[in-house]
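The structure under discussion appears below in the form of structure tokens.
The values are calculated or read from the model by the stated rules, or taken from the named source; none is laboratory data. Fair warning: this is a prediction, and the values are worked out from it, not measured in the lab. Here Cβ is always computed from backbone atoms with ideal geometry, including for glycine, and neighbour counts include all displayed protein chains.
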Amino acid sequence: MTRLLTPSAFEPRGKRPPPDRIPWKRLWSVRHAGLVERAYGLFERALFAAAPLMKRIGFERLERPVAAVERVVKGALFDCRMCGDCVLQATGMSCPMNCPKGLRNGPCGGVREDGNCEVYSQMPCVWVKAYEGSLRMRAGARIAEIVPPTNHALKGSSTWLSLARRRTAAHP
């Protein structure tokens, strides 16, 4: 029996592909994308309100503990890969980093007729689910926006702190 390796450039070399299972975390967040979008909006407002305090404490000092909390929360909700540059609000609450090909701007040409992934036939295509999730969101039209490629230097860092940093830089 030949063991397959994950073809994704994002995952470490030699990491095994996910087992043939229903990715319930991703499916839940997509099915409830409207609710998750509203909850994230509330969280973002709280994050922006706390940004000046975080700046006083020091973003560098907060990076490890905040990233650890973010990894647990977003891992549970979205099967997050901690790319450090989250685009969930533009992808129907479906993390594009779960795509084996690491595509951040729509599906490849190999989506199967049943909506499953070309690489892992038992896995629903991340981008089919992203589109479904976007239909449930107020800002669902953002799925048509082009998102920049992943900055791999940010892998493992907190997107939450990055947002707070940008907020304090824009509103000193």
Quiz item: So is Ser94 surrounded by fewer than 20 Cβ atoms within 10 Å (Cβ to Cβ) and either part of a loop (DSSP other than H, G, I, E, B) or in contact with a Gly (Cβ under 9 Å, 6 or more places away or on another chain) (or both) or not?
Solution: no
Practice problem: May I ask you to list the residues in region 145-172 that are of a type in the set (Lys, Arg) and either under 15 Å from the mean Cα position of the chain (by Cα) or closer than 19 Å to Ala90 by Cβ (or both)? | Solution: Lys155, Arg166, Arg167
Exercise. Enumerate the pairs (first residue in region 134-162 and closer than 25 Å to Arg45 by Cβ; second residue anywhere and loosely packed, with under 12 Cβ neighbours inside 10 Å and at pLDDT 95 or above) with beta-carbon separation below 8 Å, excluding pairs fewer than 6 apart on the same chain, so at least 6 apart or on different chains.
Key: Ser134/Ala141
Quiz item: Does Ser162 count as among the polar types (S, T, N, Q) and farther than 26 Å from Ala51 by Cα?
Solution: no
Exercise. Name every residue in region 97-117 that is in contact with a helix residue (DSSP H, G or I) (Cβ under 6 Å, 6 or more places away or on another chain) and not in a loop (DSSP other than H, G, I, E, B), in order of residue number.
Key: Asn98
Quiz item: For region 118-162, which residues satisfy the criterion of being hydrophobic (A, V, I, L, M, F, W, C), in a helix (DSSP H, G or I) and surrounded by 15 or more Cβ atoms within 10 Å (Cβ to Cβ)?
Solution: Val126, Trp127, Val128, Ala130, Ile143, Leu154, Trp160, Leu161
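Yes/no matrix, rows are residues, columns are (1) acidic (Asp, Glu); (2) farther than 20 Å from Ala39 by Cα:
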position	(1), (2)
Glu60	yes, yes
Pro65	no, yes
Val72	no, no
Asp79	yes, no
Ala90	no, no
Quiz item: Does region 101-114 contain any residue that is under 18 Å from the mean Cα position of the chain (by Cα) and under 15 Å from Thr159 (Cα atoms)?
Solution: no
Quiz item: Looking at region 50-88, which of its residues are among the β-branched types (Val, Ile, Thr) and assigned to a helix (DSSP H, G or I)?
Solution: Ile57, Val66, Val69, Val72, Val73
